[in-house]
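S.K.: Before I ask anything, here is the structure I am working with.
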Amino acid sequence: MARIAGVDLPRNKMVLYALPYIYGIGLTSAREILSRTDIPPEKKTDELTEDEVAVLRKLIDAEYKVEGALRAEIAMNRKRLMDISCYRGLRHRRGLPVRGQRTHTNARTRKGPRIGHMKKR
């Protein structure tokens, strides 16, 4: 089983579609990585040799920010926005949509479940 950046890649899957299981690598990045390492995208992860896995691991570690480092950077960016109290930081702090979406009727994912009101008796 190929283990890259602390993630076990799924068995019996094409390498092109297995690499996006690593946080921070999408389909476009996976295509670029495979073209630079000369590994055919249709090759299954079970068929990868130790040398190919080592080349992939070396390239990803050297040139891509993935998994824990990327999550930490994103968290620090959010914290910075909250610390300087800009509009986006306030939206993060309140748990509301950050990018200008409407909140009058939608945004239930961000806001949480509806809070009903009490009927008068």
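The values are calculated or read from the model by the stated rules, or taken from the named source; none is laboratory data. The structure presented is a predicted model; accordingly, all values stated were derived computationally and were not measured. Note that we place each Cβ from the backbone using ideal geometry, even for glycine, and neighbour counts take in every protein chain shown. In case anyone asks, the SASA skips ligands and DNA or RNA and just uses the protein heavy atoms, side chains included. Shrake-Rupley method; radii C 1.70, N 1.55, O 1.52, S 1.80 Å.
S.K.: Relative to the Cα centre, what is the charge dipole magnitude of the stretch 48-89, using +1 at the beta carbon of each Lys and Arg, -1 at the beta carbon of each Asp and Glu, and rounding to the nearest 20 debye?
M.R.: Roughly 500 debye, rounded to the nearest 20.
S.K.: When ranked by the protection proxy of mean other Cβ atoms within 10 Å per residue, highest first, what sequence do the peptides 44-52, 9-17, 96-104 form?
M.R.: Peptide ranking by packing, descending: 9-17, 44-52, 96-104.
S.K.: Taking the Cα centre of the chain as origin, sum charge times position over the Cβ atoms of Lys and Arg (+1) and Asp and Glu (-1), and report the length of that vector in debye to the nearest 20.
M.R.: 2000
S.K.: What percent does the relative contact order of the chain come to when contacts are Cα pairs within less than 8 Å and at least six residues apart?
M.R.: Computed over the chain, the figure is 19 percent.
S.K.: Pop a pseudo-label 7 angstrom from the Cα along the beta-carbon direction at both Thr49 and Thr109 and give the gap in nm to one decimal.
M.R.: In this crude spin-label approximation the distance works out to 4.3 nm.
S.K.: Hey, another quick one. Hey, if we sort Tyr21, Tyr64, Tyr87 by accessible area with the 1.4 Å probe, largest down, what's the order?
M.R.: Tyr87, Tyr21, Tyr64
S.K.: Something else about it: I want to make sure I understand the PRE zone here: with the label point 7 angstrom from the Cα of Lys65 toward its beta carbon, which residues in the stretch 83-103 have backbone N atoms less than 19 Å away?
M.R.: 83-84, 89
S.K.: Between the helical axis of 67-83 and the dominant principal axis of the chain, each derived from Cα atoms, what acute angle in degrees is found, rounded to the nearest 10?
M.R.: Helix 67-83 sits roughly 30 degrees off the main axis of the chain.
S.K.: Post the alpha-carbon centroid distance, the stretch 1-21 to the stretch 76-121, in whole angstrom.
M.R.: If you average the Cα positions of each part, the centres end up 35 Å apart.
S.K.: Which of the lysines could be linked to Lys58 by a straight reach, that is with a Cα gap under 26 Å, when you skip same-chain ones fewer than 8 residues away?
M.R.: By straight Cα distance, Lys58 reaches Lys13, Lys43, Lys44.
S.K.: Next up: For helix 27-37, report the angle its Cα long axis makes with the longest principal axis of the Cα atoms of the chain; keep it between 0 and 90° and round to the nearest 10°.
M.R.: Once rounded, the angle reads 20 degrees.
S.K.: Apply 1/(1 + (r/R0)^6) to the Cβ-Cβ distance of Arg94 and Lys119, taking R0 = 30 Å, and write down the FRET efficiency to the nearest 0.05.
M.R.: Between Arg94 and Lys119 the formula returns 0.60.
S.K.: Could you state the accessible area per residue of the chain in Å², with a 1.4 Å probe and every protein chain left in place?
M.R.: 74
S.K.: So if each residue of separation counts as 0.36 nm, and I subtract the Cα-Cα distance between Ile74 and Arg57, what length gain in nm does that give?
M.R.: Taking Ile74 through Arg57 to full extension adds about 3.9 nm, to one decimal.
S.K.: To the nearest 10 degrees, how steep is helix 50-63 against the longest Cα principal axis of the chain, on a 0 to 90 scale?
M.R.: Around 40 degrees separate the two axes.
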